[in-house]
Amino acid sequence: MTVSVVLYTSDLRVHDHPPLRAALEGAQEVLPVFVRDPAVDRAGFAAPNRLAFLADCLTDLDRGLRDRGGRLVVREGDTVSEVRALVRQTDADEVHMAAGVTAFARARESRLRRALEADGCRLYVHDGVVDVVPPGEVLPYGSDHFAVFTPYFKRWTAEPLRVPLAASRSVRVPSGVRSERIPRRTAVTGVSPALAVGGESEGRRLLGSWLADHVDTYQDRHDDLAGDVTSRLSPHLHFGTVSATEAVHRASGRGGPGAEAFVRQVCWRDFHHQVLAARPEAAGADYRPRQDRWRRGAGAEADLAAWREGRTGYPVVDAAMRQLAHEGWMHNRGRLITASFLVKTLYIDWREGARHFLSLLVDGDIANNQLNWQWVAGTGTDTRPQRVLNPVRQARRYDPDGSYVRRWVPELAGLEGPAVHEPWRLTGLDRASFDYPDPVVELSEGLARFREARSSS
């Protein structure tokens, strides 16, 4: 009886899964495996929200495999050691897995390949499972990656799209293989109160309902903070419970400006993956150094704490930061506003913001988180590194009636009109009627400080 192992990482689904399909076609029995590796936690994964969402995903993946006659084997320990032990136990000939993009993932693949070759087992690493277009698939002349999004998008859209695979009907698993108990969300402490549900079943339901109800208005309303017609698929794309390729296929099949705008956002994800794959040091170092001398000391620490807690005195910034704490997710426009405020208005190192986001974001992806932060900071791929987003203007444009602010900053729930975005302008009894801090800095002061710092760098 021939056996293949499928090592699951960031691809926790049964639909459109090339490694699983290849393993089923090449062996009589297949062993689906997920390894809880402490090294992944040490690398920064072990945030409560992602652990809770992961527990949902593993439970749902096991259910999906059992519906097809199989099951998920969960092990805890070093990935290479655990997979090697399972290969020896089952006498497997092959191991299949999805290609990763981070330095950690690639080092893991190399270690696993060497260990399996020593045992006479072959490792197959499949591209196009996590991404639509794998890193390195499209390249500009004279470089190993695209550094600007627009030319990348043009090449990306010209690439032939892989046809999504249907879920396999049957998965036969070898008997007698021990599994750890699948973790449960309820065992994780420190989880955001309104964290979304994880798992392929929920991801596919969400994709279907969003395409039916909201994709047509996405182009016009994707920045609407209160309306929030975003897909909220980012956690599912991060954990691979929804295939990015299938999402693009299904959206493209509907056509229209909304679908095109959504596909463009998926392309941004691939763009950042190909940048990080070529420049892994960008996870912690400036992609394009600006010689910034970021603020430090007691004043900067106090401002950073106010930003984290949603107490900056700028309502739209505070609303977005409180949404992050409550849901483990933040509207994309909110991410841009809060990031710009931290790095350019407060002139605090983007790494501080990226670290806080990763501690809470359920979709906390190293490539997208770090490189989006660098884009906003002007140290990444943004072609306008000096741009500064004014939070008051942003609020007036994307939350014109203040609904988003009032939802997340209840201290201001009684305010109407412009006052909800600039409560510091109120005086007397009106100002005394709510407990909300004054701004930590005047916007003009923050802008001048940033421009002086950059010009002198």
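The values are calculated or read from the model by the stated rules, or taken from the named source; none is laboratory data. Here the structure is a predicted model, which is why all the values come from computation and not from measurement. We place every Cβ from the backbone using ideal geometry, glycine too, and count neighbours over all the protein chains shown.
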Being at negative phi, in a loop (DSSP other than H, G, I, E, B), modelled with pLDDT of 95 or more and touching a strand residue (DSSP E or B) at 6+ places or on another chain (Cβ under 8 Å) narrows it down to one of SER231, SER192, SER179, so name that one. SER179
Spot the failing condition for MET330; the list is (1) out of contact with any Leu (no Cβ under 8 Å at 6 or more places or on another chain); (2) over 26 Å from GLY136 (Cβ atoms); (3) in a loop (DSSP other than H, G, I, E, B), and only one is missed. (1)
If you check GLY380 against the conditions, is it within 30 Å of ALA105 (Cα to Cα), surrounded by fewer than 22 Cβ atoms within 10 Å (Cβ to Cβ), touching an Asp or Glu at 6+ places or on another chain (Cβ under 9 Å) and not hydrophobic (A, V, I, L, M, F, W, C)? yes
Show me the helices (runs of 4 or more DSSP H) found entirely inside the range 347-457 where at least 1 residues are within 30 Å of GLY198 (Cβ to Cβ) and modelled with pLDDT of 95 or more. 350-360, 366-377, 391-398, 403-408
What number of residues within the range 116-125 satisfy the criterion of being assigned to a strand (DSSP E or B) and either over 28 Å from TRP268 (Cβ atoms) or in the same structural domain as GLY240 (by TED's automatic domain parsing) (or both)? 3
Output for the range 174-219, where each listed residue is over 30 Å from VAL132 (Cβ atoms) and not small (Gly, Ala, Ser): PRO174, VAL177, ARG178, GLU180, ARG181, ARG184, THR186, VAL188, THR189, VAL191, PRO193
Here is a list: VAL405, VAL420, VAL409, VAL440. Which entry is surrounded by 15 or more Cβ atoms within 10 Å (Cβ to Cβ), closer than 16 Å to LEU342 by Cβ and β-branched (Val, Ile, Thr)? VAL440
Restricting attention to the range 39-59, does a residue exist that is more than 20 Å from the chain's Cα centre (by Cα), within 25 Å of GLU327 (Cβ to Cβ) and outside any strand (DSSP E or B)? yes
Do the conditions hold for ALA158, that is, is it in contact with a Gly (Cβ under 8 Å, 6 or more places away or on another chain) and more than 25 Å from GLY69 (Cα to Cα)? no
Criterion violated by ASP286 - all others in (1) over 16 Å from the mean Cα position of the chain (by Cα); (2) part of a helix (DSSP H, G or I); (3) of a type outside the set (S, T, N, Q) satisfied: (2)
Candidates ARG155, ARG113, filtered to the one that is farther than 26 Å from GLU25 by Cα and in a helix (DSSP H, G or I): ARG155
